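To start, the structure under review is shown below, and the notes come after it.
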Amino acid sequence: MPAGKRIVLGVTGGIAAYKAVEISRRLVDAGAHVVPVMTAGAERFLGATTLSALASEPVKTRLWDDPDTPIPHTEIGQHADLVLVAPATARVIAAYRMGLSTDLLTNVLLATRAPVMICPAMHTEMWEHPAVADNIAVLRERGVHVVEPESGRLAGGDVGAGRLADPAAIVAAVERLFAPSDLAGVNVVVSAGGTREPVDAVRVIANRSSGKQGHALAAEAAQRGADVTLVSTVDLAVPAGVTVVPVETAAQMEAAMRTHAPGADVVVMAAAVADFRPKAQVEGKIKKRDGVPEIVLEPTPDILAGLGERKPHGQILVGFAAETDDLVANAERKLTAKRLDLIVANDVGAPATGFRHDTNAVTILGTGVDPQVVPLADKRTIAAAVFDRIVSIRNAAP
Ligand code: CTP
């Protein structure tokens with residue numbers, strides 16, 4: 001996480017310079033200290049006052065104009081935890097590749113030992129020019145992080161590759177850079193979403209689960225370096241590197257978990273699995289003219305309980321408990337009955353928690369430890385709290 005980190009935000013002269021303001025605001029919101037540096041070119045596109053207002057200190061532009069810091073480039077470069085250049089023009093990329101120090105930003109880039117991340121933005125012809133491609137390849141080899149530009153509308157109405165990556169994607173890349181890699185090489189399987197049990201060819205019995213909490217768990221684990229398999233009933237965005245196994249019914253989810261869970265170090269069952277399904281699935285569509293149908297239900301297998309019974313030695317098994325009453329007592333019962341290491345209980349009746357919302361509030365329960373209350377927060381923060389507990393169990397293991 002970028003909280004407490006000192007990030008030099010270098011802004012160079014491109015039409016996308018205005019997006020640096022949004023990047024700065026997001027980084028400051030995430031707790032970073034943003035030191036803005038603008039090139040002369042950037043000043044033609046963006047008012048320094050605007051960026052100063054949304055960064056952590058006033059914009060610095062010149063090598064020589066600060067009476068308090070006679071050699072600002074070394075001071076700025078030495079104290080940085082990251083130098084982020086967004087947008088990065090072809091000129092600054094070339095200068096950095098060649099080691100040319102012509103202004104404050106290029107001096108900072110050479111004077112720092114901190115990681116450097118560049119976010120190129122330019123016209124398609126320039127981005128695809130062999131000189132630019134060569135410069136980018138050399139910088140990558142030197143360990144510079146490159147946030148690839150997107151395809152889209154460019155200045156002048158042209159459409160093509162070269163548009164600055166979305167500010168949210170750039171901030172996510174920064175977060176990944178600072179993320180603890182305490183799950184590096186760990187095999188994690190997460191289930192997500194509500195199952196849908198077919199009644200006939202068009203109707204299903206479903207539930208209100210959105211899959212957002214499960215997807216946030218997968219994203220958090222991946223960011224911490226885990227190899228993640230996500231068994232999911234929903235089609236939500238997944239971070240690069242996560243292997244998705246799409247399923248729909250409880251039976252399909254059970255089959256997928258039977259395949260993927262045995263080899264996992266950590267299994268988190270966040271899915272809302274139907275407890276009952278229609279005993280017989282009608283082929284085709286039930287017609288109104290045939291009268292009100294009687295749908296006979298049968299229980300589905302309890303996937304998590306099965307995983308608990310077959311749990312390999314050393315695996316950490318985590319369940320969720322959706323409750324409307326007696327949260328802790330009910331969750332504790334499930335913790336023991338399903339042989340879990342942790343259970344994450346959420347009060348699905350409380351405002352802004354549980355199903356469909358972007359936020360959640362949970363109590364994490366384990367055996368022999370006090371319940372941990374995680375107050376209302378976005379689902380990614382809840383996911384981070386769950387994996388913090390998983391990591392502490394792993395670290396305590398002999
Ligand atoms: N679960 C499962 N298979 C089922 C039902 C639930 O694997 N058929 C898992 C869920 O993914 C969750 C945990 O069991 O991790 C608890 O689910 P929950 O619906 O809260 O509890 P149930 O065991 O179904 O009990 P109840 O519905 O009576 O509260």
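The values are calculated or read from the model by the stated rules, or taken from the named source; none is laboratory data. Note that the structure is a prediction, hence the values are computed from the model and not measured. Cβ sites come from the backbone with ideal geometry, for glycine too, and all protein chains shown count toward neighbours.
Structure notes:
- Here the condition is being more than 14 Å from the chain's Cα centre (by Cα) and under 30 Å from residue 2 (Cβ atoms); of 171, 188, it holds for 188 alone.
- Flag if residue 214 is buried (at least 23 other Cβ atoms within 10 Å of the Cβ) and at pLDDT 90 or above: yes
- Selection of segment 247-272 for residues being near the ligand (Cβ under 8 Å from one of its atoms) and touching an Asp or Glu at 6+ places or on another chain (Cβ under 8 Å) yields only 250.
- Inter-residue pairs, beta-carbon under 7 Å, first in contact (Cβ under 8 Å) with a residue 40 or more places away in the chain and surrounded by fewer than 18 Cβ atoms within 10 Å (Cβ to Cβ) and in segment 293-315, second in a helix (DSSP H, G or I) and of a type in the set (Asp, Glu), 6+ apart: 301/254
- Subset of segment 219-246 that is of a type in the set (Val, Ile, Thr) and assigned to a strand (DSSP E or B) - its residue that is nearest to the ligand (Cβ to nearest atom): 231
- Residues in segment 326-346 that are assigned to a helix (DSSP H, G or I) and in contact with an Asp or Glu (Cβ under 8 Å, 6 or more places away or on another chain) were compared, and the one that is nearest to the ligand (Cβ to nearest atom) is 330.
- Residues in segment 339-360 that are modelled with pLDDT of 95 or more and under 29 Å from the mean Cα position of the chain (by Cα): 340, 341, 342, 343, 344, 345.
- Residue satisfying all of: in segment 191-209; of a type in the set (Lys, Arg) and either away from the ligand (no atom under 16 Å from the Cβ) or under 24 Å from the mean Cα position of the chain (by Cα) (or both); surrounded by the fewest Cβ atoms within 10 Å (Cβ to Cβ) among these: 208
- Qualifying residue in segment 201-212 (condition: of a type in the set (Ser, Thr, Tyr) and within 18 Å of residue 315 (Cα to Cα)): no
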